[in-house]
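Q: Quick one: the structure is below, and I'll ask about it shortly.
The values are calculated or read from the model by the stated rules, or taken from the named source; none is laboratory data. What you see is a predicted model; the values in this text were computed from it and never measured. Ligands, DNA and RNA are excluded from the accessible area calculation, which covers all protein heavy atoms including side chains. Shrake-Rupley method; radii C 1.70, N 1.55, O 1.52, S 1.80 Å.
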Amino acid sequence: MSEFLSYLFAILVVGPLQAEVSERLQGVPSAEILQAGRACIATEAPRLLQRAQEDWAWAAANAIGVGVGVVDPVSLLPGNNADCDRLVQVLSKGGDAEEA
């Protein structure tokens, strides 16, 4: 059963997370930031899947939240990874710049 839930979480959350990061980074000219984004996803996707297996309620809430657009998939990236911290910082600044 946990493998099935991991599969669903991967489809509903990890896939959109990867797509969201890729889309937001398209306009970023820095290869260093692009590499940080790839490293962040490569490191954190398995951790997100592990957490989903261990905490089904968290997985379900976030899968639904991402699916309906209430939860930004990037917000699921933890704050204890330097690559993810850089990525979130750049994406936050990029979002602010686009709104201005």
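Q: So, how do all the Cα-to-Cα distances of the chain break down into 5 Å bins, in percent, from 0 on up?
A: With a bin width of 5 Å, the distribution comes to 2, 13, 24, 23, 19, 11, 5, 2, 0, 0.
Q: Something else now. For the stretch 50-97, what value does the Rg/Rh ratio take when both radii are computed over Cα atoms and Rh is the Kirkwood radius, given to two decimals? Before the final figure, lay out the partial values.
A: Values: Rg = 12.5 Å, Rh = 11.9 Å.
Rg/Rh for the stretch 50-97 comes to 1.05.
Q: PHE4 accessible area, nearest 10 Å², 1.4 Å probe?
A: Accessible surface of PHE4 is approximately 120 Å².
Q: In what order, largest first, do VAL70, VAL88 sit by accessible area if the probe radius is 1.4 Å?
A: Working: VAL70 115, VAL88 50 Å².
Most to least solvent-accessible, the answer reads VAL70, VAL88.
Q: From Cα pairs below 8 angstrom and at least 6 apart in sequence, can you work out the relative contact order of the chain, rounded to a whole percent?
A: Numbers: 70 pairs, mean separation 39.3, N = 100.
Computed value for the chain: 39 percent relative contact order.
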